[in-house]
1. Under a Cβ-only charge scheme (Lys and Arg +1, Asp and Glu -1), can you give me the dipole magnitude of region 86-302 about the Cα centre, in debye to the nearest 20?
2. Evaluated at 20 °C with a viscosity of 1.002 mPa s, what Stokes-Einstein diffusion coefficient in µm²/s does region 83-242 have when Rh comes from the Kirkwood expression over alpha-carbon pairs?
3. Taking amide H positions as placed in the peptide plane 1.01 Å from N, state which residues far from His187 in sequence (5 or more) or on other chains have amide H under 5 Å from it.
4. Quote the relative contact order of region 86-302 in percent (integer), defining contacts as alpha-carbon pairs under 8 Å separated by 6+ residues.
5. For region 171-185 and region 259-300, compute the distance between their C-alpha centroids and round to whole Å.
6. Amide H neighbours of Asp215 under 5 Å, counting only residues 5+ apart in sequence or on other chains, H built in-plane at 1.01 Å?
7. I'd like the Karplus ³J(HN,Hα) series for region 99-116: coefficients 6.51, -1.76, 1.60, θ = phi - 60°, whole numbers in Hz, and an x wherever there's a Gly or Pro.
8. Run the simple label-point estimate for Gln165 and Ala128 please: 7 Å along Cα→C-beta, distance reported in nm.
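Computed from the coordinates by the stated procedures, all read-outs in this text should not be read as laboratory data. This one's a predicted model, so the numbers in the text were calculated from it and none came from an experiment. Neighbour counts are summed over all protein chains in view; Cβ atoms, including those assigned to glycine, are modelled from backbone coordinates with ideal geometry.
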Amino acid sequence: MDFYRGLFIGITSIILIAFFSILLVKTFTKKQVALHKPAKSSRPMRQKSQGRQSQQILEKQQGTSISKVSAPPIPSRKPTQQKTRGKIAIIIDDNGYGRDACRHIYSIDQPIAIAILPSLPYSKIVAACAHARNKEILLHLPLEPKEYTETYAAGYIITTTMSPQVIKSKLTDAINSIPHVVGLNNHMGSKATENAPTMKVIFSVLRERDLFFVDSRVTTKSVSKGLALKMGIPCSERDVFLDNKSDRNYIENQFRELSQVAAKQGHAIGIGHDRSLTWKILKEQLSFLENNGFKIVPLKEILTF
């Protein structure tokens, strides 16, 4: 009996030892597998951390944030500037007789010059209109012609027989009668502009008043430009009279000639007069000239010093 009890206990012990041995082996195997199996989230986390670190290093080197860096802008083309075919200045003479000139002056944006006769009923009014529109204002000084075609009040025209004192006095009064004057051009004057002593007196006043001179060039024998330059007066001279005939075809042809002169020598001065047809064609031609490559400029841009 004791033999069988001991046998039973021995077999049971062997079975229990075997069972626990198998259990220990399985547990050990699972742990080994778990130890050698990579965690699912460990690799991406390392990549993210490394990417962030690399970005921070690059930002530190470049002094900027990569997230704020954008593609370089596409370089824009500079607009090509059309070469000017020539500069053109326009003078409108004989202003002061009426105030209609103001209406025309207000309708023109380009920098034309307004030449105003002294002591006429509307001389100051037209000067005010021109000044309000930033136009150059010239004294249109009446000078002695070789032949009179109109009648003028006594003493209105400066003549070659006047003394220097009288010429200076009359010229000073004429300048003072028109506000905002920047220069002078001659009305008539075929005789006076050929006379050096007379023009020398006139230029001495212009020099004192810091005014320029434009020779209307009513005679080919004028001494004005050469004398003005010699005396240090900024000056120029007329190239084309625009409206010696009050006829559309004629005036348009004169504008065409003006543009040809400007294209040839780089600049040109045209002189027209305070007439309705001239004003009308002037507005048309200014736009036409600009659209064809010419630049309308103030007189001061093409004066000779």
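1. Details: 27 positive and 23 negative charges, 62 e Å.
Taking the Cα centre of region 86-302 as origin, the dipole is about 300 debye.
2. On the way: Rh = 16.0 Å.
Here the translational diffusion coefficient equals 134 µm²/s.
3. Counting only residues 5 or more places away or on other chains, the set is Leu141, Leu143.
4. Working: 425 pairs, mean separation 57.4, N = 217.
Once normalised by length, the contact order is 26 percent.
5. Their Cα centres are 25 Å away from one another.
6. Residues meeting the amide H criterion: Ser236, Glu237, Arg238.
7. Values per residue, Gly and Pro as x: 9, 4, 4, 4, 4, 6, 4, 5, 8, 10, 8, 5, x, 7, 9, 10, 9, 10 Hz.
8. It works out to 3.6 nm between the two label points.
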